[in-house]
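The values are calculated or read from the model by the stated rules, or taken from the named source; none is laboratory data. Every value quoted in this text rests on a predicted model; they were computed, and no experiment measured them. Cβ: placed from backbone, ideal geometry, glycine included. Neighbour counts: every protein chain shown. Each accessible area value is taken on the protein alone, full model and side chains, heavy atoms only, with ligands, DNA and RNA left out. Shrake-Rupley method; radii C 1.70, N 1.55, O 1.52, S 1.80 Å.
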Amino acid sequence: MADEWLQDQQSGVQSIKACGTVVVVAKCPVPGQSKTRLAPLLGDRGAANLAKAMLCDVILALSLAMQNPIEFENVERILVYAPLTGEATMKGILEELQVESQWTLIPMLEYQGQNNLQSSDLGHKLTHALIQIRQRKNGCEGPVIFLGMDAPEIPLDEIATALTNPQNALLCPALDGGYGMLSVPAHVHAQHVFLPLSAGGEGGRWSTSLTAVAQIKALTDANVRVRLGRLMQDMDEKQDVQDLCQRLVSQSSTSSSSTDQATPDHCSDKAFLLEEEHPQDCLLKPSSGGQKLTSRCSYTRRALEDLGQL
């Protein structure tokens, strides 16, 4: 893809200027409260450390891939966090990654006195977040792209597709029946996106094997065309962690020759975060080869190594 970008520059092909908002929805990584289903495998502190590492990979991958000031001038990056008391923690993570100037922090709004990411009222909270984000506008009417923090292998090519095809919704289903990414077009009424999944009480269709199907139905019922992106995998269970470890090992073996190249000290931790060289220069360029662009998960890899999983 980097070669294609160079050819485009030489032939005078104009780059695409994106417009929209990328939103990462995250829960503060706190021992005993984060990724609790992984505690039997990693311990409370280990599960929280993995949660923080995955969040770091998601934020940094998006920051690096969208650092071209021309193409992404009108793309806002927002970190929606819960609980309300987590602002200092989230600000510290952004400062640690040296990307605090690129992100806006917004707390998840309370619903019925609760401020967390529980499935019982998640539809209402995401609806409030969508309304609040749209009110910011940021000078454009592009899509709002929602991502979680539990799938560190961010499909950057799908984000590019969502930004360059803003008239349709784009959903990346997750292996467990949920979804890891959803792009909401600007013309879709906020009440028609997430609230239908909360109908029926007791969490509705959230956190079930039919969450993605229910989300697609809600959008198509509102006459919105939905494109399916590639499959993602949340890190919720022991098997999810084992599957990710296998992919990271395979990734290391296929890219060892490229990572042997010398890199400047100041960027050694970030230089191979992304699959393609210079992703900020090629993220929005059309690729005839249909290549995938996925984050390297450097922080997640390091956390898993420290936890004895790699």
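Worth pointing out:
- Among the conditions (1) within 20 Å of I59 (Cβ to Cβ); (2) open to solvent by 10 Å² or more (accessible area, probe 1.4 Å), L156 misses just one, which is (2).
- Just so you know, in the stretch 180-239 the residues that are of a type in the set (D, E, K, R) and without any contact (Cβ under 8 Å) to a residue 60 or more places away in the chain include one that is surrounded by the most Cβ atoms within 10 Å (Cβ to Cβ), and it is R205.
- Where G46 falls short, out of the listed (1) in a strand (DSSP E or B); (2) closer than 14 Å to D236 by Cα: (1)
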